């Protein structure tokens, strides 16, 4: 699946034209072209690479999955690799979608491994800020990065809400311990994966802001600085959530230990109470004469002693909060 767009002097002039016409549009003065390839075959990718003169290593990185989020600079173009992320609230798992982009002075080529990456969201971001189209490729790159980073921020926010919900469930009297443990480790796994996606973006956006590489116009600088601020906030948020998840795991273990101590204390107290009638009945069960032997009064006396001592122990343990 292929999508194309052509902007000329800040206005959208053509859309969904064939790949073979890319060079024709680029030959026109003031033109900027966007090409989107979803799960492209080698022929389509080689065609675009030949049209734009893309570096062989950059093309290989676009084809092979699981690249690190990065920005590689070549002589006449750049290669961007990034990940969109979203949290599945039902499972607590993090879903990531990889996108690669070739950035030339007059063209942006996005390569998606599958349809998981919401390219329509990027297009809507461009259409909502069409007044910036006059800045050419920088406008397209900003919309792409802004969409990706906002997705990171939303994923972090969702993780924060899920972790807070998990934190509240720790102090519920009746709770499913296995579910809490599984949820804790799933959220921690998602947080680790999200950090791998978010942290490299700080370096990526910072490279665009560097004046010595000349990737963007000065007029687009504040917009990229805003994206960089969002990256920093998402990064700091993930760091604080990592400490919070660790504290939740430690708190859960502490609560389990405290509850085990309480249960042990109560069981021990009841065992002490039960030991009283056991000792008395055992004593009266001896096959030797004793006061009240073979008499009704002996039965009442032993029963009275059992009841009185048991109630006395119960009252003492209750006062000491052992029961």
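Coordinate-derived values only; no laboratory data. No experiment lies behind these values; they were computed from the predicted model shown. No Cβ is skipped: glycine too gets one built from the backbone with ideal geometry, and neighbour counts run over all protein chains shown.
Some values worked out for this structure:
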{"quantity": "Neighbour-count ranking [beta-carbon atoms within 10 angstrom, fewest first] of 183, 68", "calculated": "68, 183"}
{"quantity": "Added length on full extension, which subtracts the Cα-Cα distance from 0.36 nm per residue, residue 219 to residue 255", "calculated": "7.4 nm"}
{"quantity": "Sum of -39500 (n - 2.57) over DSSP H runs of 4+, divided by residues of the chain (222 nm, nearest 500)", "calculated": "-20500 deg cm²/dmol"}
{"quantity": "Label-point gap, in nm, between residue 68 and residue 295 - each point 7 angstrom along Cα→Cβ", "calculated": "9.4 nm"}
{"quantity": "Gained length - residue 319 relative to residue 124, 0.36 nm times residue gap less alpha-carbon distance", "calculated": "63.4 nm"}
{"quantity": "Inter-label distance, nm, simple model (7 Å from Cα along the C-beta direction), residue 312/residue 164", "calculated": "5.5 nm"}
{"quantity": "Approximate spin-label separation residue 91-residue 207, in nm, with each point projected 7 Å along Cα-to-Cβ", "calculated": "3.1 nm"}
{"quantity": "Sites residue 153 and residue 56 - FRET efficiency at Förster radius 41 Å, r taken between beta-carbons, to 0.05", "calculated": "0.70"}
{"quantity": "Convex hull volume of the chain per residue (C-alpha atoms, cubic angstrom)", "calculated": "188 Å³"}
{"quantity": "Full-extension gain in nm, residue 281 to residue 21, via 0.36 nm per residue minus C-alpha separation", "calculated": "83.4 nm"}
